[in-house]
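Values in this text are rule-based calculations from the coordinates and carry no lab data. For clarity, every value in this text was computed on a predicted model and none was experimentally measured. Glycine gets a Cβ as well: all are built from the backbone with ideal geometry, and neighbour counts include every protein chain shown.
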Amino acid sequence: MSFPLLRLPDPALEEILRILSHNKMLSMSFPLLRLPDVALKEVLGNLSLKEILFLVQTSLKARRRISLQRTPIEILVVDAERDFYIQISSDNKETFEIEIATLGVGPLFYWKIETPVRYEKLILESFWTRNPPGFQEVLDFLDNVFRIEVSVEIKPCNSSRALPIMEYIASKNPKMGTTKWWTFGGSDEKAERFLMASKRANKLNFKGFYSTTFNFNHFHLFRMDKLHIVNATWMTSDQLVALRNCKRVYLESVCLNAADISKVLQEYLKNGGKLWELRMFFPLGIDLEEAIKGLKVSRVEEENSVRAKKCWFARNNGIQISVTREWADIVVITMVT
C-alpha cells in the first residue's frame, strides 16, 4: 500500500511543500490515518525515516497516530572536528543526517539535512529552523514520535559543545547506546561530566587521561555491557570494585600494585555483582603471585602458550572466580557460574 501524497506528480507535491515552507500547516485527512493500528504499523514499516518525518508534520492527527506506533530508531550524536550532526537510522531503513551549525562556541542556531533530500529538506528547514530551537527541541520532537536509543561520539580532544547535549540526553532518561570519547584531553571537570552523563549507556569507550587529582566516585551506578578506558592510570582499587555491575571491563595502563589487586579479588569474592570479565593491562608489570597470596585457591590450570597459570577461587553461592596473566602483562579476572 502506498501513501497517496507520494504518488502526486512533482508540480503538485512541490506546491504542497511550498505552502509548508511558509509555515502554513496543512490539515489533511489522508486514508492512511484511518487505517487500523496493525495496518498502519505495516505501512510505516515500508516507509523510509524521511517519509515518516514528512507525515508527522502534515497534521497533529498524523503526529498522534504515528507516534502511538513508537517506531524504534537509533540516534547518533557526533561532535567531529569541524562538523556537528545527528545521524538517524533504523533497521532496514536508509540512514540520514541532520547537521548542526554553530557560531563560535555560542548556542546552536540552525539545522539542515547534511545529505540533500529533495522534499524533506524543505520541511525540516521550515519547521526546525524558523525560530532557532536548538538541539533540545529537535531531540524532544524525535522522542515524541519514535522510540529512541541515543549514542554519542566525541572526536575533538577538548570539546565543550557536546557535554551540555549529553547532560540533556541523560536528564530525559532515554535508552542510551554507546558513548565514545577516544581523544580526550580535557580537565577533571569534563571527565566527570562525561562519565556521569554516560552512566546509563550500554557501552562506554573513553580514552581517559593522566591525572593525580581526578577522583570519580560514581562507578557503582554503571550497569554497562562493555566498558573500555584506554588510560586508567588514575583509577584506584575502590573504583575497580565499584565497576562490578558492568559485564565486561577493559582497562589499559593500570598503575595498581599487588596489594590493590588482592583487595579487588577479596571484594569480588564477597560480591562479584554482574561482572563477567575484567581485563587490565599493566605497562609496568604486576606480581600476581603476591596478589593472590593468602587467598584460598580451589584449583589451578597450568600455563599454556597464551597465558600463565590460572588460579580458581570458589564463592559460597557456587560462582567461581579465576585470575591469570596473559603474556602481554594483561591480568584477566573472570566469573563463571
List every residue whose amide H lies under 5 Å from the amide H of Glu94, counting only residues 5 or more places away in sequence or on a different chain, with H placed 1.01 Å from N in the peptide plane. Leu49
Going by how many other Cβ atoms sit within 10 Å of their own, how do Glu252, Glu81 line up, fewest first? Glu81, Glu252
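Provide the gained length on full extension for the span Asp91 to Ala39, in nm with one decimal, where the gain is 0.36 nm per separating residue minus the Cα-Cα distance. Walk me through the numbers before you get to the answer.
Numbers: separation 52, 0.36 × 52 = 18.72 nm, distance 1.89 nm.
Once the chain is fully extended between Asp91 and Ala39, it gains 16.8 nm.
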Run down the lysines and flag those whose C-alpha is under 21 Å from the C-alpha of Lys293, throwing out any fewer than 8 positions away in its chain. Lys263, Lys270, Lys309, Lys310
Based on the Cβ-Cβ distance of Glu326 and Glu137, what FRET efficiency does E = 1/(1 + (r/R0)^6) give at R0 = 45 Å, to the nearest 0.05? 0.35
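To make sure I understand, if each residue's beta carbon is the centre and we count other beta carbons within 10 Å, what order do Cys246, Cys255 fall in, fewest to most? Please report the intermediate quantities before stating the final value.
On the way: Cys246 22, Cys255 15.
Ordered by Cβ neighbours within 10 Å, fewest first: Cys255, Cys246.
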HN-Hα couplings for segment 279-289 via Karplus (6.51, -1.76, 1.60; θ = phi - 60°), in whole Hz with x for Gly/Pro, come out as 10, 9, 9, 10, x, 9, x, 8, 8, 5, 4
With Cβ to Cβ distances under 11 Å as the rule, what net charge do the other residues near Asp287 carry (K, R +1; D, E -1)? 0
